1. Consider residue 81 carefully, then state whether it is touching a residue at least 60 places away in the same chain (Cβ under 8 Å) and either more than 23 Å from residue 4 (Cβ to Cβ) or assigned to a helix (DSSP H, G or I) (or both).
2. Specify which of the listed residues (74, 52) is surrounded by 12 or more Cβ atoms within 10 Å (Cβ to Cβ), in contact (Cβ under 8 Å) with a residue 12 or more places away in the chain and assigned to a helix (DSSP H, G or I).
3. From the list 13, 67, pick out the single residue that is touching a residue at least 40 places away in the same chain (Cβ under 8 Å) and more than 18 Å from residue 108 (Cα to Cα).
4. So in segment 103-124, with the set limited to residues that are farther than 14 Å from residue 86 by Cα and in a loop (DSSP other than H, G, I, E, B), which one is farthest from the chain's Cα centre (by Cα)?
5. Take segment 90-102 and flag every residue that is surrounded by 14 or more Cβ atoms within 10 Å (Cβ to Cβ) and in a helix (DSSP H, G or I).
6. Report, by residue number, each residue of segment 48-71 that is in contact with a helix residue (DSSP H, G or I) (Cβ under 7 Å, 6 or more places away or on another chain) and either closer than 15 Å to residue 120 by Cα or at pLDDT below 90 (or both).
7. Among the residues of segment 103-111, is there at least one that is closer than 17 Å to residue 13 by Cα, buried (at least 17 other Cβ atoms within 10 Å of the Cβ) and in contact with a strand residue (DSSP E or B) (Cβ under 9 Å, 6 or more places away or on another chain)?
């Protein structure tokens, strides 16, 4: 079932979301200071490409730098991304087939708001 949902997700919105995160990550990596944001964006792109069967967990070794970085991310990019996920999730939930996809979109909101200090892991 996960594979079927991932394929439907990929066709309807996952590919474009992943491309957007990849472009943002590339831009962040060009600017030397924002490389951690670029790496986080690449992690989110993989998650946006194939989200079913994965979840986000907190990293125990994340320190104060992650907290400060998350504040900067939230101010400049996080709330825009989260708003996009909210609107896309609502639009997907308008159809019966889109409800699981909308829920997956809502599941991506926390990692798009504060990506540093998070890890995306496979669900057993």
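1. no
2. Step by step, each of 74, 52 is checked, and only 74 is surrounded by 12 or more Cβ atoms within 10 Å (Cβ to Cβ), in contact (Cβ under 8 Å) with a residue 12 or more places away in the chain and assigned to a helix (DSSP H, G or I).
3. Within the list 13, 67, the selection yields 67.
4. Among residues in segment 103-124 that are farther than 14 Å from residue 86 by Cα and in a loop (DSSP other than H, G, I, E, B), the one farthest from the chain's Cα centre (by Cα) is 124.
5. 91, 92, 100, 101, 102
6. 48, 49, 50, 51, 52, 53, 54, 56
7. Yes, segment 103-111 has at least one match.
The values are calculated or read from the model by the stated rules, or taken from the named source; none is laboratory data. Note that the structure is a prediction, hence the values are computed from the model and not measured. As a convention, Cβ positions derive from the backbone with ideal geometry for all residues, glycine included, and neighbour counts pool all protein chains shown.
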